[in-house]
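Here the structure is laid out as structure tokens; the discussion comes afterwards.
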Amino acid sequence: MKISCALPPSPDVLRLAKIAERLGYGRVWLGDSPLLYGDIWIAMARILEGTERIGTGAAVLVPHLRHVVATATAIGTIEQLAPGRLELALGTGF
């Protein structure tokens, strides 16, 4: 069984993700709420570059918050950075 945790995209996210990885968590899920938190893609890149095996996930991307090309480019860049360590969930928001 794999256990995941949820963290907000924040300046402290890498430190917390390293703890999660040490504790055996399989994935860190980040919320996509740019008006409340930092940028989800920067947080994911920091986690993936600063850890060895833990995956990241976007829970839940809201497509109308960003241009579709910017989102697609970010997804592609993250996949190049750490192949297979990214999961996505899409939703409509409230």
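The values are calculated or read from the model by the stated rules, or taken from the named source; none is laboratory data. Here the structure is a predicted model, which means the values were calculated and not measured. Positions of Cβ are generated from backbone atoms using ideal geometry, with glycine treated the same way; all protein chains shown enter the neighbour counts. Quick note on the areas: whole protein, heavy atoms, side chains included, nothing else; ligands and nucleic acids left out. Shrake-Rupley method; radii C 1.70, N 1.55, O 1.52, S 1.80 Å.
Residues in segment 1-45 near a label at residue 87, defined as backbone nitrogen under 14 Å from the 7 Å Cα→Cβ point? Inside the label zone: 1-7, 25-31. Taking 25 °C and 0.890 mPa s as conditions, the chain diffuses translationally at an estimated 186 µm²/s according to Stokes-Einstein applied to its Kirkwood radius (Cα pairs). Using a probe of 1.4 angstrom and keeping all protein chains present, the accessible surface of segment 1-85 works out to 58 square angstrom per residue.
Positive end of the dipole of the chain (Cβ unit charges, origin at the Cα centre): among 3, 30, 67, the Cα lying farthest that way belongs to 3. Each peptide in 30-36, 61-67 was scored by the mean count of other Cβ atoms within 10 Å over its residues; highest first, the order is 30-36, 61-67. Spacing of the modelled spin labels on residue 37 and residue 5, each 7 Å from Cα toward Cβ, amounts to 1.3 nm. Surface composition of the chain: carbon plus sulfur atoms hold 63% of the accessible area, using a 1.4 angstrom probe and ignoring ligands, DNA and RNA. The magnitude of the dipole of the chain, with charges of +1 and -1 set on the Cβ of Lys/Arg and Asp/Glu and taken from the Cα centre, is near 220 debye. Treating r as the C-beta distance of residue 15 and residue 65 and R0 as 25 Å, the FRET efficiency rounds to 0.45.
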